[in-house]
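The values are calculated or read from the model by the stated rules, or taken from the named source; none is laboratory data. Note that this is a predicted model, so its numbers are computed, not measured. Positions of Cβ are backbone-derived with ideal geometry, glycine not excepted, and every protein chain shown enters the neighbour counts.
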Amino acid sequence: MSLSKLAAGILRKRIPTTPLCAYTSRSNSTSVQANPKKPDWNRAVSEAEKIVGYPNSFLSLRWLLSDEIANVALQLRKLVGSNHPLLKTAKGLLYNGKNNMQAWGLIVLLVSKAAGHSPDIPDMEQDKSAGVLHSQRALAEVTEMIRTSHLVHKGLVNLQPPIKVDALGDMISGNKIALLSGDYLLSNSCVELANLKNQELVELMSSAVRDLAEAEFVEPRDIQNAPLPAKPRSDGKGYAKFVESNMEPLAVGEALGDARAEWTMRHVLNAGSLLGKSCQGTLKLAGHSPELQQKGYLFGKHLALAWQACLDREPFSPGSTGSFSLISAPVLFTLQHNPDTYSLIEKGLDDIEKVDFGAVRKAVLDGPGLEITKVLQKEHSQAALEVLNELRDCDARTALKNIIVAMQD
Amino acid sequence: MSKAMQMLWEIEMRSASVVGLWKVKKSCRWMIRRGSSSCGRLTTVSTMASAGCGRLCARVHEKLCQWGQSQISRKPSSARGKFGFFTPIRNFSDDATKAQALKNAVAAAATTASSGCWHPCVRPEAPGTARTFATMRTQQPGSLPDYQVDPYALLEDDLRDVYEYIKNVLRRNTFQDNLYEIATYYFDGHGKALRPMVTILMARAINYHVYKENRNELLPAQREVAMISEMIHTASLVHDDVIDQSDFRRGKPSVNVKWNHKKVTMAGDFILAVASMMIARLRNNDVTSVLSQVVSDLVQGEFMQLGSKETENERFAHYLQKTYRKTASLIANSVKSVAILAECDEKTTEISYQYGKNIGLGFQLVDDLLDFVSSSEAMGKPTAADLKLGLATAPVLFACEKYPELNPMIMRRFQEPGDVEKAFELVHESRGLQQTQFLARQHCQEAVRYANLIEESPYQKALIVTADYVLNRMK
């Protein structure tokens, strides 16, 4: 992303590598620490990028031409040295790029190529060398813009009156920039989507933005809006039991308290919905049947969930001491297995810093949470692979499979 | 590429025409994309655009404002209850109130409906404009139709359920009460509902214009656009509150005081997303394009507010363009959308767009003026708020002419102790407020001129009355 590249140019020069403080250490739970690079993963991704032509740099060029971005870069520079989480978000976008961000647009492009498009579409609208439509490439950009915008908005600091922070001025201007940059990306997505002149697609992608916003309201939350697990309950309904229609909002309350349902609901809102709807949308652009579009949605959703499960497991892998999210699957399953552990969580309902993460880690390592998460990941990977098997064999399909396999290692 | 950027930047700073500038920018982006061969032409375009905006322009403006002085008038009317347009006499002007004078002005604007140029900062032919206005004053207007139409009364049925409907839509899009509560906080019926009002008025006026008696009904899609305009507006208010750290809005604590800032930001995104879904459901490519442009304008306007320009003329151009993007674009494009939905010809669509643009600019100019003269009680938010935020609005920019000591204050965004008070005082001592009002009047007169191009109907008359409200409101 060009925004992050700009930011990174500044960051590389000046940011000390250990700026972690109370705010930065928790800014976003989804951009989980990149483990020491997995070679297989990287190879899978970079090979996949070649298949669909250039990755997403096309967009960057246009962004650099706009004065708004120049303005952002100026303002960002003022923030260097402060500890606003926006800087961490920007850094995360860059350094986790391969693992996290860039791959989203890539997946959309790979799905586009793997599924092909209807013969009615005029040559003008095709990017022959890459085997995708121009509109599909635009959609892939929109997907990334929406995702980045969400991450940037999530990186705001809550400055609501009773809260006292050091360097209030920095925090206010950091929030201002984060909010505006996010809005800028969002408004760009609006315009790009409108240009595609497909109202069903606009509706679909707007509902994905809605879902992302909804994700930030799933309770309980601490004072900085960091999520905590809900109290486990024995009568929880399985996620499969409530309807999952594409456009309707999820019945959030019903899922809380049941580990699997809660995890699925939170991460469908947070990630699965956007990737699923983007894959669905790209098939819509290609003129495929509603049935295949729906399969596209399932593929994206399952892939995002498999991905999330994989990321959730990483901090608990042998030798890892990385920080972890309290709503990660291993933690939720551990709580469900042993509801007494919830007392550890309750201490942090105001401020997750008060949770004894060491004790939670120990409880997770002692319980069955990691094993169940592994099974969970496998199920979602499997479901994604099943959709792929219905497509014709081609290089894009192989690349998608490689990515899923690389994730499982 | 950096050279290209520089060029864009320069054009942005030099030219003043709001719409013209947008076109210039668009076309030069296009040229840049196509390669650098057309650079020569590019320069010509930018020079043309900047021709009218020299110091001359400011002078002409000063002159115009002096002429305009004798025209300043307010029409006293009864206080409005629910929606709150009421217009007692303002005390910042040394001119007496004359309802007749306003009527003259309105009529004059109407009679010169065919004259194209009028805005000294927008068109290069500014001196000609001055003459037009001078002539206007001496013209004897004929008898005026009775303009006692109250737009809010006229649309009572249409407007009654606007907020309820919006709340229902938001309710259907989330099962989470905490999100619903924040998202609906400003849909409490205490706003002026200006955007839905103007949008519905225009929709009905255009429907009559095109179909006469054959279509008395508002199309459901047009009603949706009215809701959408209010939702986009509110989403931007919610984000503005977080950006500006404001304490009060519409007489109650603003959202960022009551809730977690992260949640407030997301609630803004949520409102926008739902509005965007509603837009998509209209299934009209043109309307979606037009309304997505609004969102983009709003954000770019906010970005413009972060920066300031070095010289006076650049600053004024910057200010006008920011005002267009932050306020006028939404109104202009909403009324344009309802015109598109009425399937009228392009000329009529353009009329409605121009009407909305001018009403929007007039509205914001009056808003900036009220920030200096109104009490915080009437406004429901603190006054001199713009200065405190470091923003130099029209009254300050005009006051600069007489008190150049304001320049350094503007550049440092009124950050030093005493700056805000001093600037406030200087604005009141200068003619900045009258000049701002005059400019607002010009826009409202221009709006009236466009409204008069629409077939006469109660709704069309209400559009004219609305221009009057916008100019003479006290909150």
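Residue count for the range B:264-279 satisfying the condition of being facing another protein chain (nearest Cβ under 8 Å) and surrounded by fewer than 23 Cβ atoms within 10 Å (Cβ to Cβ): 1. Residues of the range B:240-265 that are free of Cβ contacts under 8 Å to residues at least 40 places away in the same chain and of a type outside the set (S, T, N, Q): B:Asp241, B:Val242, B:Pro253, B:Val257, B:His261, B:Lys262. Within the range A:215-231, can one find any residue that is assigned to a helix (DSSP H, G or I) and under 20 Å from the mean Cα position of the chain (by Cα)? There is at least one residue in the range A:215-231 that is assigned to a helix (DSSP H, G or I) and under 20 Å from the mean Cα position of the chain (by Cα).
Inspect all residues belonging to the range B:321-331 and state whether any of them is farther than 18 Å from B:Ser229 by Cβ, surrounded by fewer than 21 Cβ atoms within 10 Å (Cβ to Cβ) and modelled with pLDDT of 90 or more.
No, because not a single residue in the range B:321-331 is farther than 18 Å from B:Ser229 by Cβ, surrounded by fewer than 21 Cβ atoms within 10 Å (Cβ to Cβ) and modelled with pLDDT of 90 or more.
So in the range A:112-169, with the set limited to residues that are of a type in the set (Lys, Arg) and either in a loop (DSSP other than H, G, I, E, B) or more than 23 Å from the chain's Cα centre (by Cα) (or both), which one is farthest from A:Glu49 (Cα to Cα)? My answer is A:Lys164. Per the listing A:Leu349, A:Leu391, A:Leu400, the residue uniquely of a type outside the set (Gly, Ala, Ser) and closer than 22 Å to A:Ala261 by Cα is A:Leu349.
Just one of the listed residues (B:Phe270, B:Phe303) is assigned to a helix (DSSP H, G or I) and touching a residue at least 60 places away in the same chain (Cβ under 8 Å), namely B:Phe270. Among the residues here, A:Lys154 does not qualify as without any contact (Cβ under 8 Å) to a residue 12 or more places away in the chain and either of a type in the set (Lys, Arg) or surrounded by 14 or more Cβ atoms within 10 Å (Cβ to Cβ) (or both). Looking at (1) crowded, with 21+ Cβ neighbours inside 10 Å; (2) under 21 Å from B:Val287 (Cα atoms), which one does B:Ile243 not meet, given that it meets all the others? (2) is the only condition that B:Ile243 fails.
Let's see how each residue does on (1) farther than 19 Å from B:Ala328 by Cβ; (2) out of contact with any strand residue (DSSP E or B) (no Cβ under 9 Å at 6 or more places or on another chain); (3) surrounded by fewer than 21 Cβ atoms within 10 Å (Cβ to Cβ); (4) not assigned by TED's automatic domain parsing to the domain that holds B:Ala203:
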| residue | (1), (2), (3), (4) |
| --- | --- |
| B:Lys388 | yes, yes, yes, no |
| B:Leu406 | yes, yes, no, no |
| B:Arg412 | yes, yes, yes, no |
| B:Glu421 | yes, yes, yes, no |
| B:Gln445 | no, yes, no, no |
| B:Thr466 | no, yes, no, no |
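Counting residues in the range A:177-192 that are charged (D, E, K, R), in a helix (DSSP H, G or I), free of Cβ contacts under 8 Å to residues at least 60 places away in the same chain and more than 7 Å from chain B (Cβ to nearest Cβ) gives one or more.
Selection of the range B:148-172 for residues being at pLDDT 90 or above and of a type in the set (Val, Ile, Thr) yields B:Val162, B:Ile166, B:Val169.
Does the range B:330-340 include one or more residues that are under 18 Å from A:Lys176 (Cα atoms) and either β-branched (Val, Ile, Thr) or part of a loop (DSSP other than H, G, I, E, B) (or both)? Scanning the range B:330-340, I find no residue that is under 18 Å from A:Lys176 (Cα atoms) and either β-branched (Val, Ile, Thr) or part of a loop (DSSP other than H, G, I, E, B) (or both), so the answer is no.
Scoring A:Pro162 on the criteria (1) within 11 Å of chain B (Cβ to nearest Cβ); (2) touching a helix residue (DSSP H, G or I) at 6+ places or on another chain (Cβ under 9 Å); (3) farther than 19 Å from B:Ile271 by Cβ leaves a single failure, condition (2).
Scanning the range A:272-315 for residues that are within 28 Å of A:Lys374 (Cβ to Cβ) and among the basic types (Lys, Arg) turns up A:Lys277, A:Lys295, A:Lys301, A:Arg313.
Restricting the range A:209-222 to residues that are among the aliphatic types (A, V, I, L, M) and within 8 Å of chain B (Cβ to nearest Cβ) leaves a set whose member that is surrounded by the fewest Cβ atoms within 10 Å (Cβ to Cβ) is A:Val218. Checking B:Glu181, B:Glu213 one by one, the residue that is assigned to a helix (DSSP H, G or I), surrounded by fewer than 22 Cβ atoms within 10 Å (Cβ to Cβ) and modelled with pLDDT of 95 or more is B:Glu181 and no other.
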